[in-house]
Amino acid sequence: MQDFFDRRNYAVKKVNQKVRVVYASFLTREEFMQLRRVYHSHDDALELMLILGGSGLVIIDGVPCNVSAGDIIIYNRNSYHQENADLDMGFSLYAVAATGIRLPGLPDDHICGKDAPKVLHTENDFEKFRMLFSRIFNLVRIGDYRQTELLDNYMKVLIEEVILKCNEQK
């Protein structure tokens with residue numbers, strides 16, 4: 001079987017070349033439930049999360065949002081947030097953070113404006129997002145610093161795909 005890539009002309013803001021991955025993590029339901037969750041912000045990076053399983057409530061800049069498997073959560077730099085999983089379901093998730101993001105009309109390390117949705121439903125694109133988060137996490141976990149450019153490029157692609165999804169769901 002052979003598939004051909006459909007090269008659609010995306011109207012996306014191109015992410016600059018200085019994007020750097022800060023961290024990547026994968027948490028199982030059990031690991032998430034053991035963590036103490038506090039209302040906090042990151043003053044040095046954008047953070048993205050992909051909920052793989054479970055459901056709960058996240059608070060983003062004082063606004064509560066219900067989340068469940070397949071959702072992407074956007075925490076722009078300096079955005080106060082906290083995750084609260086349903087006690088019987090927990091969360092399993094990927095979290096990645098990056099810095100050096102500069103998009104026209106937005107503060108540094110922001111990928112969406114104040115009124116844009118901060119929780120996105122991946123819908124039919126879940127596997128694409130899961131693959132991107134997984135690749136970023138695994139490259140960080142392996143720690144092969146010869147792959148830094150590849151790692152940062154995966155992050156740029158992830159950010160561009162999240163921006164596209166955000167534009168779809170406005």
* Tally the residues that are open to solvent by less than 40 Å² (accessible area, probe 1.4 Å) and in a strand (DSSP E or B), restricting the search to segment 36-58. => 11
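Yes/no per residue for (1) touching a helix residue (DSSP H, G or I) at 6+ places or on another chain (Cβ under 9 Å); (2) farther than 24 Å from Asp61 by Cα:
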position: Thr122; (1), (2): yes, no
position: Asp125; (1), (2): yes, yes
position: Ile136; (1), (2): yes, yes
position: Leu150; (1), (2): yes, yes
position: Ile159; (1), (2): no, no
position: Val162; (1), (2): yes, no
* Structure fact -> Contact list, first residue from segment 149-162 and closer than 8 Å to Val19 by Cα and in a helix (DSSP H, G or I), second anywhere and basic (Lys, Arg) and open to solvent by 20 Å² or more (accessible area, probe 1.4 Å), beta-carbon distance below 7 Å, six or more apart or interchain, is Asp152/Arg20
* Asked: Which of the residues that make up segment 119-140 are farther than 22 Å from Asn76 by Cα and either crowded, with 16+ Cβ neighbours inside 10 Å or touching a Gly at 6+ places or on another chain (Cβ under 6 Å) (or both)?
  -> Leu139
* Asked: Would you pick out the residues in segment 124-170 that are more than 15 Å from the chain's Cα centre (by Cα) and of a type in the set (Phe, Trp, Tyr)?
  -> Tyr145
* Asked: Name the pairs: first residue in segment 53-78 and touching a residue at least 60 places away in the same chain (Cβ under 8 Å), second residue polar (S, T, N, Q) and in a loop (DSSP other than H, G, I, E, B), Cβ to Cβ under 8 Å, at least 6 apart or on different chains?
  -> Ile72/Thr122
* **Single residue of segment 100-147 satisfying the filter (among the acidic types (Asp, Glu) and farther than 14 Å from Glu161 by Cβ) that is modelled with the lowest pLDDT** => Asp144
* Which members of segment 96-118 meet the condition of being buried (at least 19 other Cβ atoms within 10 Å of the Cβ) and either part of a strand (DSSP E or B) or without any contact (Cβ under 8 Å) to a residue 24 or more places away in the chain (or both)? -> Val96, Ala97, Ala98
* Structure fact -> Across segment 7-35, the tally of residues that are at pLDDT below 50 and open to solvent by 100 Å² or more (accessible area, probe 1.4 Å) stands at 3
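The values are calculated or read from the model by the stated rules, or taken from the named source; none is laboratory data. Here the structure is a predicted model, which is why all the values come from computation and not from measurement. Note that each Cβ is placed from the backbone with ideal geometry, even for glycine, and that neighbours are counted across all protein chains shown. When the accessible area is computed, the model is the full protein with side chains, heavy atoms only, and any ligands, DNA or RNA have been set aside. Shrake-Rupley method; radii C 1.70, N 1.55, O 1.52, S 1.80 Å.
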